[in-house]
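Since the structure comes first, as C-alpha cells, the remarks are kept for the end.
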Amino acid sequence: MKLHVSALLAAAQLLAVPFAGVAQEKKADAAAAWPAANPKDVESLDAILAAVYDVISGPAGDRDWNRFRSLFVPEGRLVPIRKNADGSFKHQVLSVDDYVKGAGDYFKKEGFFEKDISHKTDRFGQLAVVFTTHASRHTADANEKPFARGINSMTFYNDGKRWWCLSITWDSERPDNPIPEKYLK
C-alpha cells in the first residue's frame, strides 16, 4: 500500500497541532509567572545592559534574582565557554534559573563586581547584539586589579514595549586569549 506524500504531510500537520498548543500554553504559563521588570531597567539598550551588570554585582550575599529574571525572556540562555586542562574547550547552556542556582551559591560567599569596560553594539530592526568587555573584581574599588576580564556577547530584542535579554555567551581572557584592542576602546 502506497501512501501519498500529501497525505503524510497532512497527518504530520495534524499531529503537530496539539504539540504546538501545549508549547504555547507552557510558554504563556512561564511568561505569566515571570517577574515584571522595572520599566527604567528595560527602556533602552543602555539601561538593560547597565541593569544586567548592576544586578549581579555586589558584596558577598544574595542578589535580587527576580530583578535578574525580569531582564530575560523566560526561555533566556546563559552560555559560558571554558578551557579544559587538556586545552580543549567546552560550553554549558544554562537556563536563567540554572544560572541563578549556580551563581547564587558563589555570590553568597564572594563579593563580585563586574563592570562594562567598553562595548560595541550592532543593531538591526528589533534585534541588538552587544559585545561588552568586562572586568570582574571582588570589591567595588575600581583601583583593585580585576581577577578576571572577558567578553560577553549579549543578544537583546525589543517587543515594541521594552528590551529583553535573549542570551548571554561569554569567554574569559587568558594568556593565550588576550582581549583585542578594538574591544578595549
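Observations, loosely collected:
- Residues of region 89-125 that are polar (S, T, N, Q) and free of Cβ contacts under 8 Å to residues at least 40 places away in the same chain: GLN92, SER95.
- Every residue from region 131-185 that is of a type in the set (Gly, Ala, Ser) and within 24 Å of GLY87 (Cα to Cα): ALA135, SER136, ALA148, GLY150, SER153, SER172
- Candidate set: region 86-110, residues that are in a loop (DSSP other than H, G, I, E, B) and small (Gly, Ala, Ser); chosen: the one farthest from ILE168 (Cα to Cα): GLY87
- Between PHE113, PHE68, the distinction of being assigned to a helix (DSSP H, G or I), of a type in the set (Phe, Trp, Tyr) and surrounded by 12 or more Cβ atoms within 10 Å (Cβ to Cβ) belongs to PHE68 only.
- Any hit, region 132-148, residues being in the same structural domain as GLN92 (by TED's automatic domain parsing), assigned to a loop (DSSP other than H, G, I, E, B) and buried (at least 17 other Cβ atoms within 10 Å of the Cβ): yes
- Residue within region 37-60 that is touching a residue at least 60 places away in the same chain (Cβ under 8 Å), exposed (fewer than 12 other Cβ atoms within 10 Å of the Cβ) and either more than 14 Å from ARG162 (Cβ to Cβ) or not hydroxyl-bearing (Ser, Thr, Tyr) (or both) present: yes
The values are calculated or read from the model by the stated rules, or taken from the named source; none is laboratory data. Please read these numbers as outputs of a predicted model, since none were measured by experiment. Please note: Cβ atoms are built from the backbone with ideal geometry, for glycine as well, and neighbour counts cover all protein chains shown.
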